[in-house]
1. So how many residues does segment 51-87 have that are away from the ligand (no atom under 16 Å from the Cβ), touching a strand residue (DSSP E or B) at 6+ places or on another chain (Cβ under 6 Å) and under 14 Å from ARG134 (Cβ atoms)?
2. Here are LEU177, LEU185, LEU173, LEU164: which of them is over 17 Å from the mean Cα position of the chain (by Cα) and either surrounded by 17 or more Cβ atoms within 10 Å (Cβ to Cβ) or of a type outside the set (D, E, K, R) (or both)?
3. If you check PRO23 against the conditions, is it crowded, with 17+ Cβ neighbours inside 10 Å and either under 23 Å from VAL194 (Cα atoms) or within 12 Å of the ligand (Cβ to nearest atom) (or both)?
Amino acid sequence: MRRSAHSHETAMNARILIVEDEPSIRDLLALNLRHAGYEPQLAADAGSARSQIDAALPDLILLDWMLPDQSGVDLARRLRADSRTRELPIIMLTARSAESDKLGGFDAGADDYVTKPFSPRELVARIRALLRRRAPEATDDPVEVCGLRLEPQTFRVIAEGKQLRMGPTEFRLLHYLMKNLDRVLSRSKLLDGVWGDHVFIEERTVDVHVRRLRLALQPSGHDRLIETVRGGGYRFLPQ
Ligand code: CA
């Protein structure tokens with residue numbers, strides 16, 4: 001997928017799947033999310049949402065309650081029952097506002113709830129808050145570990161006052177590693193977290209990009225922070 005060079009957008013655009021059958025609302029949501037620097041993906045029903053999620057894990061789902069094929073609540077329940085999608089942040093959209101419906105949405109595993117008609121500005125604020133809570137690596141905050149600084153807003157990695165050059169995949173990979181310090185990350189976990197996809201990419205691809213990332217970090221010696229865990233995957237160790 002090509003990323004626009006628009007200054008608004010960063011290399012860490014969170015992918016947000018909009019599941020909404022009303023085209024006018026879907027377009028309005030997509031427009032607002034794009035403006036806020038997110039990468040919207042569109043689905044008009046639950047079936048299309050499911051196949052998109054199977055192909056690539058989004059960072060968050062905006063899920064309409066009433067869909068033509070399956071209710072949003074049922075889809076949310078299904079996502080929560082699957083280990084791959086259990087942690088996926090979900091915001092339910094609905095025209096209903098009765099208290100009992102809200103409880104139904106939360107029972108099904110929604111993290112937040114927005115009632116139509118909604119203010120796009122408020123919705124974006126809620127998305128931001130939820131991403132911060134659930135997927136810190138999808139936010140734009142700079143991270144710094146052992147003198148290595150990564151700035152998602154400017155797409156820069158800086159060490160010892162100098163900028164380190166790397167490709168967009170290495171950048172995303174480094175960001176994910178820096179946000180998951182000390183944790184052993186399997187190749188499939190990295191594929192889901194960095195590529196958002198565990199279906200069409202071979203696990204060997206991860207090794208290729210880790211190698212490139214180590215090369216990019218060599219000038220400042222930070223390549224030593226990436227540890228290969230035999231039979232486990234990789235770990236970013238502050239030392
Ligand atoms: Ca609907």
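Bear in mind that the values in this text are calculations on the coordinates, not laboratory data. Bear in mind the structure is a predicted one, so any value in this text is a computation, not a measurement. Reconstructed Cβ throughout: ideal geometry from the backbone, glycine too, with neighbour counts over all protein chains shown.
1. At the first step, the residues of segment 51-87 found to be away from the ligand (no atom under 16 Å from the Cβ) are 51-60, 77-87.
Imposing the further condition that a residue be touching a strand residue (DSSP E or B) at 6+ places or on another chain (Cβ under 6 Å) reduces the set to 52, 58-60.
Narrowing further to those that are under 14 Å from ARG134 (Cβ atoms): 58-60.
Counting residues in segment 51-87 that are away from the ligand (no atom under 16 Å from the Cβ), touching a strand residue (DSSP E or B) at 6+ places or on another chain (Cβ under 6 Å) and under 14 Å from ARG134 (Cβ atoms) gives 3.
2. On the way: LEU177 fails: over 17 Å from the mean Cα position of the chain (by Cα); LEU185 fails: over 17 Å from the mean Cα position of the chain (by Cα); LEU173 fails: over 17 Å from the mean Cα position of the chain (by Cα).
Sole residue among the options that is over 17 Å from the mean Cα position of the chain (by Cα) and either surrounded by 17 or more Cβ atoms within 10 Å (Cβ to Cβ) or of a type outside the set (D, E, K, R) (or both): LEU164.
3. Details: crowded, with 17+ Cβ neighbours inside 10 Å: no; either under 23 Å from VAL194 (Cα atoms) or within 12 Å of the ligand (Cβ to nearest atom) (or both): yes.
Taking the combined requirement at face value, the residue does not satisfy it.
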